[in-house]
Each structure stands twice: as C-alpha cells, then as structure tokens.
Amino acid sequence: MLIDLSIPSRNAERRLWIALAISSAIVVIEFTGGFLGQSLALLSDSGHVLTDVLAISVSILTLRLGRMQHTAKRTFGYHRAEIFAALVNGSTLIAVALLIIYEAFLRFQQPARVQGTLVLSLASLGLLGNLTTTGLLSRTRKTSLNVRGVFLHAVGDTISSIAVIVSSLVVVFTGYSGLDPIAAVLIGILIMRSAYSLVRDSTNILLEATPRHLELESIAKTIRSVEGVKGVHDLHVWTITSGLYALSGHVTLDSDKISQGSIIIEKVAAELKESFGIEHVTLQMEKETLENIQHESSTL
C-alpha cells in the first residue's frame, strides 16, 4: 500500500507558487542593481536566486507529476521525477558556485568601483524577499526532498543577502570595494555546502541505498521478533521518493506455522510500518530448512 502524499503536496505547491513570484522579482531587482552598481556580490546573489526560480519551477512540476496515477508501465508513478530534479538542482548549484568563485578571482585582479548605496538598498529588498520565502517553505520543507532543496536555496539566499549588505555597508562608510568579491566567494561556498547534501541524498536514493536513518540489522531483528518467523535474508530497503520507503526480502517460517504465512506476513508489515515507517513491504515466505539456516547466518 502506497502512502497518499497528495494533501501535503498540494499545500507545498501553493507555497511554492508564492515563493516563485517573490524569487523572480528578486532576480530582476538584484541583477539590475548588481549591473548598475558594479557589485559582483549582488550579481552572484541574483544568479543564486535565478537557480531558485528554476528549482521552484521544477519542484512544482515534480509535485504535480507525483500526484499522477500509477500505470502498468510506471507502477510507482512519477515519484522518482522529484529525486531526479533534486539531483539536477544540486548539480546546477555546484556549477553556479564554481562560476561565482571564478568571477570573484577575476574581480580581485581587476577591482571595480562598487556603488555602495544602490547595492545596499537593493540587497535589503532581496533580504526581505528571501526571509519571506524561507518562512513560507519552513513548514513544508519535509514534504519532499525537492521541497527541502528549495528551502535550502532560500536559506542560502538569506545568508547571501546578509553578506552583500555587510560588504555594501563597508563600501558606503569606507569606500573600500575589496570586500565585494570576498562576499561573492562566501556566497559560492554557502551554495556548495547546501548543494552537497542535496546531491548526496538524491544520489543515494537513485542508487537505492538504505535510507540513512534506518539500520538494516535493526529492521531484520524486528522481523525476527514476530512470532512464527525463524529468520530473514536477502533483505533490501530503499527510498522510492521522499517519505516513501520500500522493503523486500525472504523470511523463513517455522514448519508448523507455514499455513499461517499470510497472517504472519501481515503482522511483519504492520510492525515495520509502526516501527520504521516502511509502507511498501514485499516478503517471500520460505519453509525453514537447513539450507535456509546456513544462508541466514551469512547474510541478511
């Protein structure tokens, strides 16, 4: 039985549409201000927010795809589209971060005169917008990995805006523009930090790795604790999409309990759902034999 994610999905989508409008406005404002004010930090921040616009757009699309009905050819529907989008999102962030750091290096070699007052005003508007977006997504960030990715973008943007404001204040009060590329480098590092966790988690899901918060041995122990189960082997646990976990494996039953196999499997599935939140369970029953005992002693 698959969990119904449609309700939190629709709630997250409404918030994402608002975040999309805010982020799009920030991109236009900061890019214009960065170009006119000769601020690499502000231009970098606008580039970062532009990736947010793309990420939010993809998130909205994948949330809608995730609500589509399953078909005979796509038995899990389009849930994995969200994970793929998260991977692309994180990879794009890393590329943007590297570009920002490279441009900052060039700016160190050829300093530009930054218009501090203009940059300060527009960066402040950007900060206000980013804070609004962060607040909107904070309650729904656990809806999916992709929404979490957008939330991380927003948090990074907020910190980036603060860095731009600090560098512009230095320009206003001291006339020193050298802090502008330094702020840009810091923004690039922050982007890469958030992107790393996103790429790591999405890659693990696509590789069908065991979820980080679950331990295979603990799950096997829980299965063996159910009355009638003698052992478990060939156990696999993976993530279909954010919040939806699946398990497959073989369980060996007492010889005198084999006729109650379906009841035992139902008890195992109920225990796995309650203890670990695993919704989709597929277990093959086997009668206890010497071969099974030897197999289970060497592998889960």
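The values are calculated or read from the model by the stated rules, or taken from the named source; none is laboratory data. Predicted, not measured: the structure shown is a model, and the values here were computed from it. As a convention, Cβ positions derive from the backbone with ideal geometry for all residues, glycine included, and neighbour counts pool all protein chains shown.
Structure above, values below:
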read-out	value
Region 202-218, residues that are closer than 30 Å to residue 89 by Cβ and not in a loop (DSSP other than H, G, I, E, B)	202, 203, 204, 205, 206, 216
Region 79-91 residues that are free of Cβ contacts under 8 Å to residues at least 60 places away in the same chain, paired with ones that are buried (at least 23 other Cβ atoms within 10 Å of the Cβ) and among the hydroxyl-bearing types (Ser, Thr, Tyr) (beta carbon under 7 Å, 6 or more apart)	81/62
Residue list for region 178-237, filter: under 24 Å from the mean Cα position of the chain (by Cα) and among the charged types (D, E, K, R)	193, 200, 201, 208, 212, 215
Residues of region 60-71 satisfying the condition of being at pLDDT 75 or above and either in a loop (DSSP other than H, G, I, E, B) or within 18 Å of residue 22 (Cβ to Cβ) (or both)	60
Positions within region 257-281 being farther than 17 Å from residue 218 by Cβ and part of a strand (DSSP E or B), in sequence order	279, 280
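Residue-wise test of (1) without any contact (Cβ under 8 Å) to a residue 60 or more places away in the chain; (2) assigned by TED's automatic domain parsing to the domain that holds residue 242; (3) in contact with an Asp or Glu (Cβ under 6 Å, 6 or more places away or on another chain).
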| site | (1), (2), (3) |
| --- | --- |
| 192 | no, no, no |
| 198 | no, no, no |
| 201 | no, no, no |
| 220 | no, yes, no |
| 224 | yes, yes, no |
| 229 | yes, yes, no |
